[in-house]
Amino acid sequence: MQETPPKLPITGKTKLLGVIGYPIEHSLSPLMHNAALQALGLDYVYLPFAVKPEDLADVMAGFAAIGLSGFNVTIPHKQAILPYLSEVTTIAQAIGAVNTVWYTEQGWNGTNTDVVGFLAPLKALDRDWSNTTALILGNGGAARAVVAGCTQLGCDRIQVVGRDDKKLESFLQSWCQSPLSVSLSVHHWKALPDLLLEATLLINTTPIGMFPHIHQSPLSEAEIDRLQPGTIAYDLIYTPNPTRFLQQAQARGGLAIDGLEMLVQQGAAALQGWLDQPVPIATMRQVLQTHLARA
Ligand code: NAP
């Protein structure tokens with residue numbers, strides 16, 4: 001087994017990375033990134049910053065003034081940060097949200113690594129996705145990355161299910177101007193029983209079943225019975241692991257993917273971008289698995 005290098009002392013030369021959000025105390029990003037930075041033996045530290053929405057402009061100016069190398073962005077700043085960025089990648093424009101920012105001489109640039117993170121465990125399956133009908137439960141922020149991911153994967157059909165017709169309609173409209181060529185349909189939750197018969201990739205992007213509501217599932221037993229055996233069930237939730245939804249799908253002969261790998265891979269993609277070098281993904285995964293098993 002490879003030995004982890006000793007922790008470097010923080011000095012005047014230590015470079016700074018971090019994550020902004022509000023609240024931020026439950027973020028697992030500091031744990032994951034500092035484990036990777038330590039394994040690489042780099043003189044960096046990654047810190048959580050609780051930033052209230054009204055303080056975002058001051059914080060951006062302050063980060064530039066102190067020379068922060070880069071930072072992650074989480075709720076509630078993923079969209080609000082867009083006006084402060086001088087360049088935004090196509091994928092972040094398509095999703096309309098940024099989760100990774102870095103400093104350049106021209107100002108702050110932003111991207112979104114959630115799509116890379118979402119896709120990593122699917123691409124690892126190494127299969128042809130062209131006959132896939134992707135059924136996405138929920139139409140919030142994470143669903144946007146999932147729609148972009150399913151588009152990049154080349155899924156034949158992308159169907160999004162939600163409980164609010166107005167939100168569904170504006171979700172659909174938001175893709176009209178997208179730089180990605182996205183084709184999707186939106187459906188009210190009551191259409192779910194019929195849609196489940198066709199789904200070959202079923203993705204939960206709602207928080208239903210997340211700790212502490214571990215006995216909940218977005219699908220009833222009767223709905224799960226409508227799944228085709230072999231359907232891939234992907235839950236973006238990573239605690240508990242597995243969720244009730246994934247247990248139900250597995251019992252029906254489905255293949256289960258939990259949200260931990262997405263969390264790890266979106267973090268790894270951000271860190272790799274900041275450092276411009278390969279990062280120890282296994283270390284990042286291990287530190288989170290150990291932490292979540294203890295929690
Ligand atoms: P969000 O923007 O609040 O969206 C949540 C969506 O779920 C909304 O469409 C919401 O519908 C729907 N929803 C919530 N409760 C529902 C219920 N009881 N019945 C039906 N629909 C319901 O949240 P998000 O940022 O997309 O995050 C969603 C989940 O993904 C969270 O569990 C989060 O932890 C997880 N996530 C994981 C990763 C990862 O790396 N693994 C990354 C991002 C997110 P309304 O709009 O009608 O309320």
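The values are calculated or read from the model by the stated rules, or taken from the named source; none is laboratory data. All of these numbers come straight from a predicted model, not from anything done at the bench. Note that each Cβ is placed from the backbone with ideal geometry, even for glycine, and that neighbours are counted across all protein chains shown. The area values use the complete protein model at the heavy-atom level, side chains included, leaving out ligands, DNA and RNA. Shrake-Rupley method; radii C 1.70, N 1.55, O 1.52, S 1.80 Å.
Over the chain, with a Gaussian network built from C-alpha contacts below 10 Å, which listed residue (GLY259, GLY107, GLY21) shows the highest mean-square fluctuation?
Answer for the Gaussian network model of the chain: GLY107.
Along the charge dipole of the chain, pointing to its positive end and built from +1/-1 on Cβ of Lys, Arg, Asp and Glu, which listed residue (GLN228, GLY67, VAL264) has its Cα farthest out?
Among GLN228, GLY67, VAL264, the one farthest towards the positive end of the dipole of the chain is VAL264.
Ignoring ligands, DNA and RNA, what percent of the 1.4 Å accessible area of the chain is carbon and sulfur?
After summing per-atom areas, the C and S share lands at 53 percent.
With a 1.4 Å probe and all protein chains left in place, how much accessible area per residue does segment 116-258 have, in Å²?
The answer is 47 Å² per residue.
Within 10 Å, at most 10 other Cβ atoms, and a DSSP state outside H, G, I, E, B define an exposed site. Report the longest part of the chain free of exposed GluC sites (Glu not before Pro).
On the way: sites that count: GLU3, GLU25, GLU105.
Looking at the chain, 106-295 is the longest stretch - no exposed GluC sites (Glu not before Pro) with at most 10 other Cβ atoms within 10 Å.
Please report how far the C-alpha centroid of segment 145-172 lies from that of segment 39-53, rounded to the nearest whole angstrom.
The distance from the Cα centre of segment 145-172 to that of segment 39-53 comes to 33 Å.
Between LEU8 and THR104, what FRET efficiency follows from the Cβ-Cβ distance if R0 is 22 Å, with the result rounded to 0.05?
Efficiency for this residue pair is about 0.25.
Quickly estimate the mean residue ellipticity at 222 nm for the chain, helices only: each DSSP H run with n ≥ 4 gives -39500 (n - 2.57), and the total goes over all residues, rounded to 500. Mind dumping the intermediate values first?
On the way: 11 runs with 109 residues, N = 295.
-11000 deg cm²/dmol, from helical runs alone.
In the Gaussian network model of the chain, springs joining C-alpha atoms below 10 Å, which of ALA191, ALA145, ALA39 carries the largest mean-square fluctuation?
ALA191
Could you report the accessible area of PHE71 in Å², rounded to 10, computed with a 1.4 Å probe on the protein chains as they sit in the structure?
In the full protein context, PHE71 sits at about 0 Å².
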